[in-house]
Each structure stands twice: as structure tokens, then as C-alpha cells.
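Take a look at the structure below.
The values are calculated or read from the model by the stated rules, or taken from the named source; none is laboratory data. Owing to the predicted nature of the structure, the values given are computational and were not obtained by experimental measurement. Please note: Cβ atoms are built from the backbone with ideal geometry, for glycine as well, and neighbour counts cover all protein chains shown. Just so you know, the surface numbers come from the protein's heavy atoms only, side chains and all, with ligands and any DNA or RNA stripped out. Shrake-Rupley method; radii C 1.70, N 1.55, O 1.52, S 1.80 Å.
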Amino acid sequence: MRLGPPFCRALLMLTSLWIVSATASQSLTPTTNTSIAHAQPRQPGHGGLELVDAFGGTTRAVASLGGLVLVGVGLHVDVWDAHDILRPRLIGRSELLPGIVDELAVGPSVAVVALRDGPVQVLDLRDPSSPRTAGEVVPRGEWVAREDGGGVVTVGGGRTAVVAAPGGLRVYDLSRPDMPVPLPSVSLRGTPRGLVSSGNRVFALIQHSAADGGWIVHHFDGATPGAALRPTGQRPVFAGTQDLLAADGDRLAMR
């Protein structure tokens, strides 16, 4: 069956609907979702369009804790109640975020959200039906995305966030979801090419010079909320290792 243009246009609107408020009449140039996502709101009376809300979009990140499942959908984080796995319910949705959700890490009553071409933010989940932005912890351009070997993880029962950054790791205390507190950063001799966690342990893959041992995985302990990460050792891995995929205790999956 051939679908006519009206049906196709309706299907496209349902797949990804962007709501804007026109503040003045002007010609519009075709654009992409990404450029719309990063458009800065205009002040009333200055002309142009202001992004009001968006529905649908790319899903790149999912995280869960207990019976809650968080799903990044375009410029929002959706919160699902999955205590009954056969009947999950959408119970909450974040406000409009200043970028597409690229990565999620979750802890008790809090989530760390890394935004594509944007900052890393913290969501307060004490009321899962109304998640709200608690603050920005790493500005745009100062963290390393998962696809580039970085990422975001939580340790210490989810009360400490670790963010891959050029030259090391940024660490934050999430004991108060409404007030993330920076902890001492970890300096490394290179930019992380992989970041994973297991329980209270954090593993970061760094490419050193051949004289310094080549590819090295650094180990850290983050068991104590509110305290700096404690180095616990390091180990060499095969040359050419591109990323850390997962950790289970001391065992690492790499590629």
C-alpha cells in the first residue's frame, strides 16, 4: 500500500514533534534536530523562534536502579516505574534539556545526564514523577563522551559521580541531589579512553607512551561518599585496546 503525503507528514510529526513559539515573522531555513536542540532561546521582541518543548527523538542512553528505569529520549529524560516488569508505567519526564541525552548514570534519588555537545547535568529524582535539574557539574566541551572512550559512571552506592575529562577524572559528591559538590579531581597522564565501574571500583583506560608501559588501566576505590577517589593500582593491557566495555569485580571486558 502506498502512503500519501498527508499520512507521511502526520507520521513524521508523531515521531519527533518540536514545539516553537514565533515571536516575529521571518523566513525559515531548513535545519536539523541537533541544531534546533542547541538553539538559544530568543528574548521576546527580538524576533526569531524560541524552542518551547520537544517530543520524541534519539534514544542513546538507558539506566536503571531498583524499580526505576530512566530513558534518554531526545531532549528529555523519561522515568518509568518497572516494579511490575510486565506493566511498566511512564511516571515522570524531565524539563527540556539543553542538548540530546547522550549518557545516563543513576544513583539513589539522583541521575547524572551527559548531553551531546552540551554539559553534564544532575537530575534530582527524589520525586520521580517530577525530575528536575539540580545543576551543571561539567561545562560543555570539558568532558569526554562514551563514543570517544570516556563517559559517566556512579560509585559508592550511587552517591559519587565520576566523569571522564581531558587529562583525568572529575568527581562529584551526590549525597544531596539538589546540591552536587565537587571533590578533588584525578589527574592522569592522558585522556581516558575507557571508563567503567563495578560496585565501588572505577577503572580508567589510559594510553601512555611505550616507555611508560603503553596501555594502562588505572584502578580507583570510590566506596566512601564525600571522599576523593583512592588509587588502588594499575595493570597493563594489550596494545591497541580501544575501550573498556564493562566490569564485574576485577574482571574487565575490553575491545
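Worth pointing out:
- Within segment 145-152, at least one residue is surrounded by fewer than 16 Cβ atoms within 10 Å (Cβ to Cβ) and within 15 Å of the chain's Cα centre (by Cα).
- Options Ala204, Ala211, Ala228: the member that is assigned to a helix (DSSP H, G or I) and either at pLDDT 90 or above or over 21 Å from the mean Cα position of the chain (by Cα) (or both): Ala211
- Pick from segment 36-70, criterion within 19 Å of the chain's Cα centre (by Cα), more than 19 Å from Asp81 (Cα to Cα) and open to solvent by 50 Å² or more (accessible area, probe 1.4 Å), ranking: modelled with the highest pLDDT: Arg60
- Test set (1) closer than 20 Å to Leu188 by Cα; (2) part of a loop (DSSP other than H, G, I, E, B); (3) out of contact with any Gly (no Cβ under 9 Å at 6 or more places or on another chain) - Arg176 fails condition number: (1)
- Within segment 228-243, tally of residues that are touching a residue at least 60 places away in the same chain (Cβ under 8 Å) and among the hydrophobic types (A, V, I, L, M, F, W, C): 1
- Selected residue (only one of Gln234, Gln242 is surrounded by fewer than 17 Cβ atoms within 10 Å (Cβ to Cβ), more than 16 Å from the chain's Cα centre (by Cα) and in a strand (DSSP E or B)): Gln234
- For segment 108-144, a tally of residues being closer than 25 Å to Thr191 by Cα, buried (at least 22 other Cβ atoms within 10 Å of the Cβ), touching a Ser or Thr at 6+ places or on another chain (Cβ under 9 Å) and not hydrophobic (A, V, I, L, M, F, W, C) returns 1.
To keep it simple, each residue is scored yes or no on (1) open to solvent by less than 60 Å² (accessible area, probe 1.4 Å); (2) more than 19 Å from Asp148 (Cα to Cα).
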position	(1), (2)
Arg176	no, yes
Leu183	yes, yes
Arg189	no, no
Pro192	yes, no
Val202	yes, no
Gly214	yes, no
Ala227	yes, yes
Met254	no, no
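- Only a single criterion out of (1) on the phi < 0 side of the Ramachandran plot; (2) surrounded by 12 or more Cβ atoms within 10 Å (Cβ to Cβ) is not satisfied by Asp248, namely (2).
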